[in-house]
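Here's the structure, in structure tokens; my notes come after.
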Amino acid sequence: MIDIFTTGGTIDKVYFDALSEYQIGPAAIPDMLRENNVHVPHRVTQLMRKDSLELDDADRAAIRAAVAASDAARILVTHGTDTMVTTARVLADVPGKTIVLTGAMQPASLRASDAEFNVGFALAAVQTLPPGVHIAMNGMIFDPARTEKDRAAGRFRSER
């Protein structure tokens, strides 16, 4: 069983014409998994619906508590990319679990989104990586202790 915790972020943003802006909507991952014929045993829990820039220490503590309390050994967390590394570092001391964080640079609701690829890649990663915390983005696995988001390039990179 894989526990999937959603926190919001770009992956779950939807466009509201009347407001001319994006807002965090319901978790996109249940529909995404169903539409892509994914049958790996999993359960989805929406922890929050926030842009990652709005997450605070209490939110990160709630994410950590949910991950630590889970009876699953494999955890996938969907998260906004701006503070994904910060949350991943908070999860670093959760023992005995393979934890993978992923997200998207474009909302899943858009045709040209990286969301479906990243989620599929992260699902494969969480099933094959050893225990620890990992970030799976755009076809690469990152160690949160040595990773940062390069906002200008729109990607993650490892500090060497």
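The values are calculated or read from the model by the stated rules, or taken from the named source; none is laboratory data. These numbers were taken from a predicted model, which means no experiment stands behind them. FYI the Cβ positions are ideal-geometry reconstructions off the backbone, even for glycines, and counts take in every protein chain you see.
In table form, for the structure just shown:
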{"item": "Check on Ile141, buried (at least 24 other Cβ atoms within 10 Å of the Cβ), free of Cβ contacts under 8 Å to residues at least 60 places away in the same chain and part of a strand (DSSP E or B)", "result": "no"}
{"item": "Pairs, first of a type in the set (A, V, I, L, M, F, W, C) in the stretch 32-44, second assigned to a strand (DSSP E or B), C-beta under 7 Å, six or more apart", "result": "Val40/Ile2; Val44/Ile4; Val44/Thr6"}
{"item": "Residue in the stretch 26-62 that is surrounded by the most Cβ atoms within 10 Å (Cβ to Cβ), counting only those that are in contact with an Asp or Glu (Cβ under 9 Å, 6 or more places away or on another chain) and among the β-branched types (Val, Ile, Thr)", "result": "Ile29"}
{"item": "Residue in the stretch 120-131 that is outside any loop (DSSP other than H, G, I, E, B), touching a helix residue (DSSP H, G or I) at 6+ places or on another chain (Cβ under 6 Å) and crowded, with 22+ Cβ neighbours inside 10 Å present", "result": "no"}
{"item": "Boolean, Asn138 is of a type outside the set (Gly, Ala, Ser) and at positive phi", "result": "yes"}
{"item": "Some residue of the stretch 91-105 being touching a residue at least 24 places away in the same chain (Cβ under 8 Å), part of a loop (DSSP other than H, G, I, E, B), hydrophobic (A, V, I, L, M, F, W, C) and more than 23 Å from Ala65 (Cα to Cα)", "result": "yes"}
{"item": "Residue tally, condition touching a helix residue (DSSP H, G or I) at 6+ places or on another chain (Cβ under 9 Å) and either among the β-branched types (Val, Ile, Thr) or crowded, with 19+ Cβ neighbours inside 10 Å (or both), over the stretch 64-78", "result": "6"}
{"item": "Test: Val126 is in contact with a His (Cβ under 9 Å, 6 or more places away or on another chain), under 21 Å from Ala27 (Cα atoms), modelled with pLDDT of 95 or more and not hydroxyl-bearing (Ser, Thr, Tyr)", "result": "yes"}
